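K.L.:
Pasting a structure below so you can have a look.
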Amino acid sequence: MGMDRRNFLKAASGGTLAASCVPSVQARETRTMPEGAVGLLYDGTLCIGCRACMAACKAENDLPPEFNEIEGSAYWDAPLDLSGRTINIIKAYVGGDSDRKDTLDGYAFTKLSCFHCVDASCVSCCPVAAMTKDPVTGIVSHSKEACIGCRYCVAACPFGVPRFTYDETFPHIAKCQLCRHRMAQGKFAACAEVCPTGATIYGPVKELKKEIARRRALAPGTETEFPRGHIGSGDTHIAPIANYVDHVWGEKEIGGTQVLHLSAVPFDRLDKKPLPDVAPANVSESLQGRIYHGMIAPLAFLGALVFAAKRSAKALGEQGEAGGTDAGDDRKGE
Amino acid sequence: MLAHSEEECSLDFDAIEGRLGLSRRDFLKFCTGLASTMGLPAGADAAIAKAVESARRPSVIWLHFQECTGCTESLLRANHPTLERLILDIISLDYHETLFAAAGHQAEAARRQAMADNKGKYLLVVEGAIPTKDKGIYCRIGGQTAVDLLKECATDAAAVVAIGSCASWGGVPSTKPNPTGSEGAGEVLGAKVVNLPGCPPNPYNLISTVVHYLTFNKLPELDAKGRPKFAYGRLIHENCERRAHFDAGRFAGEFGDEGHRQGWCLYKLGCKGPETHANCPAVLFGDVSNASWPVGTGHPCIGCTEKGIVFTKPIHALAELKTVTPPIFFARPAEERGTGVTFAAAAALAAIAGAAAGGTAMLARNLGKSVPEAKADVAAPDEQRGG
């Protein structure tokens, strides 16, 4: 297959153009926590499993109770996981006896609700911008009106938080929105407000991180004051510091989250498996950004395709002219 | 179980009335009340009535050590009709420092006499902790240290009942730094005694224990800490009238707030109900009304029956929940899900699908050809035979 000088140069210049524009695009900027980000701190060592937070969450978000059948017995409002009707759940790790809390051979509590990621996958993947992250508070929330029900967010979330109400005629996405509707009334997250032990507290993420650092700096067994409700509420109680594992869940996971967890048992036992420090949204958006930046690379690729198609069509045409007589000859010969 | 004939039940109520100053009706009410406190089956009330009616009055020796006499006061204020007369008449209280009329050598002589007369039969009730430090010099009665007096009286006792938290496990006197080395009666004796902790303990738990002993000639069933199971078998939290508020997450935030006035759960104020074993919510205190116990009046339980809770944890420190027995309906961190198809199953399925597809393809290929080929097949052997 021959290529003349002119065609070679055309192809070469197109390729150079396409190649030159790719490295010039930087990876998407790494998202950072908004200055006024608010969130929750859940300290599993303080949790007593009373599930007041689950009851308050349902009351404040107008969610109906759930009916479950567990091993042949029927239970009202004993959800096994997050669902379209449960957007906050207390789960228990059971590794042994009920008289040893926060040990691997005992039991421990954990909470699952939206982590309000700094760089949220659900926001990144939403094709209609129904899922949004508030630029001021950093709360990840969604608009039922804008949602088209594609459930990309359900698949994208590494924590399995957004859920879909499959059993409703007009289904919708359900997830924790940090009681943003209560903030308008000057209130804060209901789960934190109702928690009797301060296991869940609400506050600016900066303050929550200071509180975490304070707790981790104290020796296990030291009696200290734990705030209840929100940071700086003045409502405190005194309890001993637990033997925390050296890990704050949400500090680095997928670029950081606004809901942070402390625990005395390793997080993988609480079904919080290791996650990369880089947000998947950052990786995918950087990749997409490189490919589609200014539409130059796709256009160059299209140009190359058109050129190749045209050239082969031309070559085929020349061949057709030459081969047409051959075919006629064959037919004659038959 | 407690079969009783009519003759056994035919009590001499006139005699009881004379001796105890109780009408027949009040006497039977008392016996039925005790039977239900102990959770005894139907018929036990009659057995109790029989036992109480009989003239057999066991000798009781009541010792006081490091205490505030609150246990005795609580017993005296049991408010069922003329109960104090009844309890003093059912038993023969031969030595009680608060109640006896005698004093000094006379009283000590009465104690020795009762012990000698009822050797191996008398009940020893201990009130107050026993100091053990410095050879027990911090509590002496009649020249004897508490340790010596307790050991002397316990040797020939039929049973030892420790009333109150001090006698049960040390109580207030044993609180850190415990300057006198106070211990409970069981610890000092190194033997199992009946513990009736509480500060003060519920008087009906003592009366029930004594009457159980009178009726059945044995002590009620005890738990690992020596406490009668009928009284200390359950957590306060389990029978608490405010429990529904706990389950619904309705907590009083401070004394006098909206939730407190609504009668909400007192957990957040430091209620120790979830870690304290006692029958207070069922039996109540002081016989004054249907809410006459600490939580009923709006104050959190201070855990007065539990070692390591009362006098140890601050009153407003939060309780640990002892009811989280392997949670029956807590979701697990990750619920079990289907694991997808295994390699072997996938291979088997693929083989079946492949065979089906191959068969179908072969069938399709042979469609239309089948008739002539079949004829040819049939013809062939003929040809062979012919050949």
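K.L.:
Pick from A:GLY198, A:GLY203: which is in contact with a His (Cβ under 6 Å, 6 or more places away or on another chain), buried (at least 20 other Cβ atoms within 10 Å of the Cβ) and of a type outside the set (Lys, Arg)?
P.N.:
Result of the check over A:GLY198, A:GLY203: A:GLY203.
K.L.:
Say we look at the range A:99-130 and pick out the residues that are assigned to a strand (DSSP E or B) and charged (D, E, K, R); which of these is nearest to the other protein chains (Cβ to nearest Cβ)?
P.N.:
Across the range A:99-130, the extreme among qualifying residues is A:LYS101.
K.L.:
Taking helices (runs of 4 or more DSSP H) that fall entirely within the range B:179-272, which contain at least 2 residues that are touching a strand residue (DSSP E or B) at 6+ places or on another chain (Cβ under 8 Å)?
P.N.:
Result: B:185-189, B:203-216, B:229-232, B:243-247.
K.L.:
Step by step: first the residues of the range B:38-78, then only those that are of a type in the set (Val, Ile, Thr) and at pLDDT 75 or above, then the one that is surrounded by the fewest Cβ atoms within 10 Å (Cβ to Cβ). Which residue is that?
P.N.:
B:THR69
K.L.:
Kindly indicate whether any position in the range B:151-165 is closer than 25 Å to B:ALA114 by Cβ, touching an Asp or Glu at 6+ places or on another chain (Cβ under 7 Å) and of a type outside the set (D, E, K, R).
P.N.:
Among the residues of the range B:151-165, at least one is closer than 25 Å to B:ALA114 by Cβ, touching an Asp or Glu at 6+ places or on another chain (Cβ under 7 Å) and of a type outside the set (D, E, K, R), which makes the answer yes.
Yes or no, residue by residue, for (1) in contact with a Phe, Trp or Tyr (Cβ under 8 Å, 6 or more places away or on another chain); (2) at pLDDT 95 or above; (3) within 14 Å of another protein chain (Cβ to nearest Cβ); (4) buried (at least 18 other Cβ atoms within 10 Å of the Cβ):
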{"residue": "B:SER168", "(1), (2), (3), (4)": "no, yes, no, yes"}
{"residue": "B:HIS212", "(1), (2), (3), (4)": "no, no, no, yes"}
{"residue": "B:PRO228", "(1), (2), (3), (4)": "no, yes, no, yes"}
{"residue": "B:ARG234", "(1), (2), (3), (4)": "no, no, no, no"}
{"residue": "B:HIS237", "(1), (2), (3), (4)": "yes, no, yes, yes"}
{"residue": "B:TRP264", "(1), (2), (3), (4)": "yes, yes, yes, yes"}
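K.L.:
When residues of the range A:27-51 are filtered for being closer than 14 Å to A:HIS116 by Cα, buried (at least 17 other Cβ atoms within 10 Å of the Cβ) and not β-branched (Val, Ile, Thr), how many remain?
P.N.:
The total comes to 8.
K.L.:
Here's a follow-up. Being more than 8 Å from chain B (Cβ to nearest Cβ) and surrounded by fewer than 20 Cβ atoms within 10 Å (Cβ to Cβ) is the requirement here; does A:ASP77 meet it? First the steps, then the outcome.
P.N.:
On the way: more than 8 Å from chain B (Cβ to nearest Cβ): yes; surrounded by fewer than 20 Cβ atoms within 10 Å (Cβ to Cβ): yes.
Considered against the rule, which asks whether it is more than 8 Å from chain B (Cβ to nearest Cβ) and surrounded by fewer than 20 Cβ atoms within 10 Å (Cβ to Cβ), A:ASP77 comes out as yes.
K.L.:
What about B:GLY128, is it at pLDDT 85 or above, assigned by TED's automatic domain parsing to the domain that holds B:ALA191 and under 25 Å from B:PRO197 (Cα atoms)?
P.N.:
Working: at pLDDT 85 or above: yes; assigned by TED's automatic domain parsing to the domain that holds B:ALA191: yes; under 25 Å from B:PRO197 (Cα atoms): yes.
Taking the combined requirement at face value, the residue satisfies it.
K.L.:
Of all residues in the range A:211-225, count the ones that are over 22 Å from A:PHE115 (Cα atoms) and not in a loop (DSSP other than H, G, I, E, B). Step through it out loud before you land on a result.
P.N.:
Step one: filter the range A:211-225 for residues over 22 Å from A:PHE115 (Cα atoms), giving A:217-225.
Narrowing the set further to residues that are not in a loop (DSSP other than H, G, I, E, B) leaves A:217, A:223-225.
Residues meeting the conditions: 4.
K.L.:
Go through the range A:167-196 and count every residue that is within 14 Å of another protein chain (Cβ to nearest Cβ) and over 21 Å from A:ILE241 (Cα atoms).
P.N.:
Here is the first cut: in the range A:167-196, the ones within 14 Å of another protein chain (Cβ to nearest Cβ) are A:189-196.
Filter again for over 21 Å from A:ILE241 (Cα atoms), leaving A:189-191, A:193-194.
Number of matching residues: 5.
K.L.:
Could you please find all residues in the range A:31-85 being in contact with a strand residue (DSSP E or B) (Cβ under 8 Å, 6 or more places away or on another chain), assigned to a strand (DSSP E or B) and farther than 23 Å from B:LEU321 by Cα?
P.N.:
Hits for the range A:31-85 are A:VAL38, A:GLY39, A:LEU40, A:PHE67, A:ASN68, A:GLU69, A:ALA74, A:SER83.
K.L.:
Here is a list: B:ALA248, B:ALA224, B:ALA191, B:ALA244. Which entry is free of Cβ contacts under 8 Å to residues at least 60 places away in the same chain, farther than 30 Å from A:ASP77 by Cα and within 14 Å of chain A (Cβ to nearest Cβ)?
P.N.:
B:ALA224
K.L.:
Shifting gears a bit: For residues in the range A:197-230 being of a type in the set (Lys, Arg) and more than 25 Å from the chain's Cα centre (by Cα), which is nearest to the other protein chains (Cβ to nearest Cβ)?
P.N.:
It comes out as A:ARG228.
K.L.:
Now, a different point. Restricting to the range A:240-290, name every residue that is in contact with a helix residue (DSSP H, G or I) (Cβ under 6 Å, 6 or more places away or on another chain), part of a helix (DSSP H, G or I) and free of Cβ contacts under 8 Å to residues at least 24 places away in the same chain.
P.N.:
none
K.L.:
Against the definition (at pLDDT below 90, more than 21 Å from B:GLY184 (Cα to Cα) and surrounded by fewer than 17 Cβ atoms within 10 Å (Cβ to Cβ)), how does B:ALA101 come out, yes or no?
P.N.:
Taking the combined requirement at face value, the residue satisfies it.
K.L.:
For the subset of the range B:287-303 comprising residues that are under 27 Å from A:ALA199 (Cβ atoms) and in a loop (DSSP other than H, G, I, E, B), which member is nearest to the other protein chains (Cβ to nearest Cβ)?
P.N.:
This residue is B:PRO300.
K.L.:
Which numbered condition in (1) outside any strand (DSSP E or B); (2) β-branched (Val, Ile, Thr); (3) at pLDDT 75 or above is the only one that B:ILE87 fails?
P.N.:
Unmet for B:ILE87, out of (1) outside any strand (DSSP E or B); (2) β-branched (Val, Ile, Thr); (3) at pLDDT 75 or above: (3).
The values are calculated or read from the model by the stated rules, or taken from the named source; none is laboratory data. None of these values were measured; they are calculated from a predicted model. All Cβ positions, glycine included, derive from the backbone under ideal geometry; neighbour counts span all protein chains shown.
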